[in-house]
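Reading through the structure tokens given below for one structure.
The values are calculated or read from the model by the stated rules, or taken from the named source; none is laboratory data. Please read all numbers here as calculations on a predicted model, not as lab measurements. In this analysis, Cβ positions are derived from the backbone assuming ideal geometry, glycine residues included, and neighbour counts consider all displayed protein chains. Heavy atoms of the whole protein, side chains included, go into the accessibility calculation; ligands, DNA and RNA do not. Shrake-Rupley method; radii C 1.70, N 1.55, O 1.52, S 1.80 Å.
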Amino acid sequence: AVFVDPGASVHDALARLATEKISAAYIGQQAVSGGVKAAEAGIVTERDLLRAIARHGAAALDLPVGQIMSRPLAAVPADAFVYRAIGRMNRLKTRHLAVVDEAGCVVGALSARDLLRLRAGEAISLGDEIDDAIVEAEVQFDQRVAPGEFGQGGQQQVAPESDRHVHPQLTLRLR
């Protein structure tokens with residue numbers, strides 16, 4: 001998680017977002033001995049910065065970022081399931097969540113883009129596994145049923161039921 005001091009200017013916060021190539025930063029005074037408690041922190045996003053500039057003009061760049069930050073900070077525990085984070089973002093209509101440890105200190109950042117990448121990656125992996133299973137099933141089928149091998153009534157012989165299981169989570173029935 002990237003933190004900006006609440007006394008830093010909006011200009012400095014904007015420069016930090018650009019340098020880090022991120023869309024939000026947490027606002028809080030980082031303690032030397034520990035982290036920043038979510039209850040004591042805020043967040044500033046690109047949208048917050050744009051709203052401040054639209055409202056105050058160029059003078060917004062000189063405002064302390066703590067003046068435009070959003071609070072309270074929406075957060076999820078570090079051990080939360082992904083669906084909880086998605087649900088919280090949806091319910092709060094936000095695109096950023098802090099990730100907090102057992103002590104309530106911010107230890108990470110989670111964005112809607114992160115969750116989208118994660119879910120898309122899982123879907124792509126599943127699609128790839130299905131494709132592999134289909135190819136493997138076709139190979140197994142070709143090895144078990146040679147062209148021209150027919151049973152009664154001209155029907156091709158299909159491999160025994162036990163050989164149809166290609167993937168532990170996917171069963172293909174070849175007809």
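Relative to the current alpha-carbon distance between N90 and V2, full extension at 0.36 nm per residue lengthens the span by 29.4 nm. For the range 100-137, the residues whose backbone nitrogen is under 13 Å from a point 7 Å from the Cα of S70, taken along Cα to Cβ, are 110-113. Were the residues from F81 through L63 laid out at 0.36 nm apart, the gain over their Cα-Cα distance would be 2.7 nm. Rolling a 1.4 angstrom probe over the range 1-117 with all protein chains present gives an accessible area of which 54% lies on carbon and sulfur atoms. An ellipsoid equivalent to the range 1-102, defined through the eigenvalues of its Cα gyration tensor, has semi-axes of 24, 16, 11 Å when rounded to whole angstrom and sorted largest first.
The simple spin-label model puts a point 7 Å past each Cα toward its Cβ; for A15 and D114 those points are separated by 2.6 nm. Solvent exposure of the range 66-128 amounts to 67 Å² per residue of accessible area, where only protein heavy atoms count and the probe is 1.4 Å.
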